[in-house]
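For reference, the structure is listed below as structure tokens.
Throughout, read-outs are computed from the coordinates displayed, never taken from laboratory work. Please read these numbers as outputs of a predicted model, since none were measured by experiment. Every residue, glycine as well, gets a Cβ built from its backbone with ideal geometry; the counts of neighbours run over all protein chains shown.
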Ligand SMILES: NC(=O)c1ccc[n+]([C@@H]2O[C@H](COP(=O)([O-])OP(=O)(O)OC[C@H]3O[C@@H](n4cnc5c(N)ncnc54)[C@H](OP(=O)(O)O)[C@@H]3O)[C@@H](O)[C@H]2O)c1
């Protein structure tokens, strides 16, 4: 098999979870958050991903208010048995103004949400169903209790949680086995290593790092996204992407550039290789879900699974996160770091 068509290795998502390629595909940008999309190229990217052994596809009710799930439906129908399909409930966008959002884990909302996701995705069962954000008005045991009922009813197979602390993960896992935690983890965002990653390792829960490319910043594409991105692009509101923060953060990429040069790789590939190698370093399954709408980038990203960084290179890259300017979100209140 030539390099270009080499498939990626597989791993198990959590002790009792499904098997999947070690890199998944984040589908959010195909309908949401990152500006206009070439739909035909995005569909071709989904197909190319599967050819290369990417079997884990990630979406959410939030992404385009259901539009991303509906967009995925034909692909899902064509490949139902070959893929692990993940979606999420918990962040509700106001249809009149999608920038206005509420977080809910209310049981009656979760029951409505799962029906909506099943319908839009055109499936009888969701493989991996995540709580997207924690609603502190509802005890996590109660939220997972509602999710466990969906498992018993055959609507969902595995459960996941996004942006939870280690303590929340332990409490949830005691109620019903959790298969995966999906939280931001990258060269720029390492707060999950404080409590969530150690708890996941101890409990045999897989980690699914989202935004492993720092929403594209780690590919070296930005110097000031406030100027460089279209009006509808969500990153224009992200603290790390604009003004002085962006300039300072772009300068932090120098060691990534140096390591990339040594490997004949791109900056993005080094960023992804660093995330993949956290599996060995922390002793748990790590299945990052870089998002792309383009086949060429998909090929570049999957090829990163074949890179192997030395201990010295990893250590050099480890020092970047502490120096990043700006928080991951404009408000960190809904993140795990905001509750630790
Ligand atoms: N649980 C949560 O709260 C949460 C939050 C955010 C995201 N997510 C999930 O995680 C997935 C990935 O996160 P993300 O999309 O925010 O960030 P990401 O994967 O870190 O970066 C995506 C951005 O990088 C660009 N990109 C991808 N590959 C590239 C390459 N090889 N070279 C240059 N640019 C490249 C993409 O543009 P193109 O698309 O134009 O290639 C896109 O703008 C999402 O799709 C979503 O499913 C979950």
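Results, tabulated for the structure shown:
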| read-out | value |
| --- | --- |
| Inter-part distance where the range 102-119 and the range 169-215 are each reduced to a Cα centre, Å | 23 |
| Footprinting exposure proxy for 117, 104 (fewest neighbouring C-beta atoms within 10 Å first) | 104, 117 |
| The chain: angle of helix 67-78 to the longest principal axis, Cα-based, in degrees nearest 10 | 90 |
| Share antiparallel - DSSP beta bridges, the chain, percent rounded to 5 | 25 |
| Packing-based exposure ordering (other Cβ within 10 Å, fewest first) of 325, 183 | 325, 183 |
| Helix 267-282 vs. the chain, principal-axis angle (Cα, 0 to 90°, nearest 10) | 60 |
| Gaussian network model of the chain, Cα within-10 Å springs - most flexible of 308, 170, 323 | 323 |
| Least to most buried among 28, 147 (fewest other Cβ within 10 Å first) | 28, 147 |
| Helix axis angle, 39-51 relative to the chain longest principal axis, alpha carbon, degrees | 90 |
| The chain: mean projected area of Cα convex hull, nm² | 15.8 |
| Gaussian network model of the chain, springs between alpha carbon atoms under 10 Å - residue of 90, 232, 26 with greatest fluctuation | 232 |
| Over the range 3-339, relative contact order from alpha-carbon pairs under 8 Å, at least 6 apart, % | 21 |
| Inter-centroid distance (Cα atoms) of the range 241-318 relative to the range 62-94, Å | 27 |
| Candidates 100, 43, 190, ranked by Gaussian network fluctuation over the chain, Cα under 10 Å, top entry | 100 |
